[in-house]
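K.L.:
To start, I am sharing the structure in question, which I have written as structure tokens.
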Amino acid sequence: MSQLTQGAPLKPVESYPRPLVDGLDGLVLAAEMEIVPPFFAAICRKEIGVVALFLQSNVVTANTQYEGRTPLLAAVASKHLPTVKLLLEHGAHPDELGVYSTGWDHSLGKICTFRTPLQAAAAEGHLPLVKLLMETYGCNDAVVAPDGQIALRLAAERGHREVVAYLPARRAGGFRRWKTKHQAGLRRTRVALDKCAAFVKLFVWDVEKFVLWTIPKNAVVKPLWSRCRWAWEHRADFLPWCQLQIRQLGSRLQHAGAKLVEAIKASPRAVVRAAKYVRQHLPAFLHRQARLVWSFVTVKIPQGALVVTRWIYDGIVAVSAAVGRGALLVASLVHSAVHAVVFFFSTLTVRDLWNGLSAVLTHVFVTFPRVVWSWMCNFGDVSLRALQALFGGLGECIWLVVTCPGFLVLYLPRKILTILGNFGESLARGSYEIVVWLNPKA
């Protein structure tokens, strides 16, 4: 071993052995977990001396990844120019994609967002980093991330005007951006279509089949066929059974008459016992009913009224806040317009005024109706809680009986509206990508 190491420089470690995967017994599996995380932690803490020590000791390289993230991407995320220069001088790949952020989706699971160092710097709006990466180290701003994003679009979508003005115009990744942005919408559309198909199948085929085929088959045809087959198999016993019934008819009539006479004789005593029971228990019963009525009037009705009153109060507060927000947006738009006219658009542009007008229109036609609609949609829960406060479990049953027909009637239109909404959102995003293609710096 000493002969192998003497006279030969140590090569930096690009990756570490994984004996559980590769089947290499006796190797140290924890090496990566003991060396790489401190290296990335030093980058995030902007400890350039520690980072340089790691690189000079050849235990890691400038391209050693940790959980899919490159050291250069971590340095750009920390916005530390000396660390970025150090990693690039030690051979870091300037255009390598790495994991920039992670998210979670209930159907897709963990989602990783990949970015190049230049894309991360543009997204952060750090113009010195962008200039360093492009002018000094020749980073390619035309690299398209897996989700279709490029450096120019990341800077434009986050409003970093200086970075947008510096970067050259690019038109790449439009369709991929549209597709990525609407993965959730397309998935909702597919689920809504499946539910619509299942709903239509239930009421067009399953219900009719159950009523016209399954019930007659199992309740009438099969039992009748079984009884007829049994009767045919035992046809020889039918005549003796009839003779036995005729012989026993007299004794049965005599027994029924005796029972009737006993019932007539016992009826006066039963009437006396019933009257005594009513006299003993009627006052207590009336007292309990009076207490229930009093509790309903003094406790349950106020509880139900409190639920409804609180719902009305929340609606008034939400609508008032939305109206106040709209008034502030209108005042801000008027102030911006007057300021732009007075100073001849020296500090504000037409796009700024357009953004203000868009915010006002969005609030009037989207946000405010959404607030009102959200408040109205809470009426279902409010009515359920009010009925539960008044009648308990019976109130919940009443609510279900009343709301189930409405739910069935509105189920299909709601799913159709979901599909149309997703379609409109996709169309709007597609129109936006067309505008971006016409004006890449929009």
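K.L.:
Inside the range 153-179, can you point out the residues that are touching an Asp or Glu at 6+ places or on another chain (Cβ under 7 Å) and among the hydrophobic types (A, V, I, L, M, F, W, C)?
P.N.:
LEU167, TRP178
Residues checked against (1) at pLDDT 90 or above; (2) over 36 Å from the mean Cα position of the chain (by Cα); (3) surrounded by 12 or more Cβ atoms within 10 Å (Cβ to Cβ):
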site: VAL278; (1), (2), (3): no, yes, no
site: TRP294; (1), (2), (3): yes, yes, no
site: GLY324; (1), (2), (3): yes, no, no
site: VAL330; (1), (2), (3): no, no, yes
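K.L.:
Oh, and also: Out of everything in the range 106-152 that is modelled with pLDDT of 90 or more and of a type in the set (Lys, Arg), what residue ends up being farthest from the chain's Cα centre (by Cα)?
P.N.:
Among those that are modelled with pLDDT of 90 or more and of a type in the set (Lys, Arg), it is LYS131.
K.L.:
With respect to LEU417, determine if the residue is within 30 Å of THR180 (Cβ to Cβ) and surrounded by 12 or more Cβ atoms within 10 Å (Cβ to Cβ).
P.N.:
Yes.
K.L.:
Of the residues that sit in the range 28-44 and are under 26 Å from LYS110 (Cα atoms) and assigned to a loop (DSSP other than H, G, I, E, B), which one is modelled with the lowest pLDDT?
P.N.:
In this case the residue turns out to be LEU29.
K.L.:
Please go through (1) touching a helix residue (DSSP H, G or I) at 6+ places or on another chain (Cβ under 6 Å); (2) under 21 Å from GLY125 (Cβ atoms); (3) not in a strand (DSSP E or B) for PHE54 and return the number of the only condition it doesn't satisfy.
P.N.:
Just one mismatch for PHE54, condition (2).
K.L.:
Based on what the data block shows, is LEU73 part of a helix (DSSP H, G or I), modelled with pLDDT of 85 or more, in contact with a strand residue (DSSP E or B) (Cβ under 7 Å, 6 or more places away or on another chain) and within 26 Å of GLN119 (Cα to Cα)?
P.N.:
Considered against the rule, which asks whether it is part of a helix (DSSP H, G or I), modelled with pLDDT of 85 or more, in contact with a strand residue (DSSP E or B) (Cβ under 7 Å, 6 or more places away or on another chain) and within 26 Å of GLN119 (Cα to Cα), LEU73 comes out as yes.
K.L.:
Name the residues in the range 313-322 that are within 17 Å of ASP381 (Cα to Cα) and more than 28 Å from the chain's Cα centre (by Cα), would you?
P.N.:
TYR313
K.L.:
Here's another thing I want to ask about it. Of everything in the range 364-375 that's touching a residue at least 12 places away in the same chain (Cβ under 8 Å) and under 24 Å from the mean Cα position of the chain (by Cα), which residue is farthest from VAL307 (Cα to Cα)?
P.N.:
So the residue we want is THR367.
K.L.:
Have a look at LEU387, LEU410, LEU394, LEU400 and point out the one that is of a type outside the set (Asp, Glu), on the phi < 0 side of the Ramachandran plot, in a helix (DSSP H, G or I) and touching a residue at least 40 places away in the same chain (Cβ under 8 Å).
P.N.:
Within the list LEU387, LEU410, LEU394, LEU400, the selection yields LEU387.
K.L.:
Is it the case that VAL220 is β-branched (Val, Ile, Thr) and surrounded by 12 or more Cβ atoms within 10 Å (Cβ to Cβ)?
P.N.:
So VAL220 fails the test.
K.L.:
Ok, one more. For the condition of a type outside the set (Lys, Arg), within 29 Å of ALA442 (Cα to Cα), out of contact with any strand residue (DSSP E or B) (no Cβ under 8 Å at 6 or more places or on another chain) and at pLDDT below 90, what is the one hit in THR180, THR189?
P.N.:
Exactly one of THR180, THR189 is of a type outside the set (Lys, Arg), within 29 Å of ALA442 (Cα to Cα), out of contact with any strand residue (DSSP E or B) (no Cβ under 8 Å at 6 or more places or on another chain) and at pLDDT below 90, namely THR180.
K.L.:
Based on what the data block shows, is ARG273 surrounded by 10 or more Cβ atoms within 10 Å (Cβ to Cβ) and among the charged types (D, E, K, R)?
P.N.:
So ARG273 fits the description; yes.
K.L.:
Here is a follow-up. From (1) surrounded by 13 or more Cβ atoms within 10 Å (Cβ to Cβ); (2) over 30 Å from VAL84 (Cα atoms); (3) among the aliphatic types (A, V, I, L, M); (4) free of Cβ contacts under 8 Å to residues at least 40 places away in the same chain, pick out the condition that doesn't hold for ALA151.
P.N.:
The failed condition is (2).
The values are calculated or read from the model by the stated rules, or taken from the named source; none is laboratory data. Note that this is a predicted model, so its numbers are computed, not measured. Here Cβ is always computed from backbone atoms with ideal geometry, including for glycine, and neighbour counts include all displayed protein chains.
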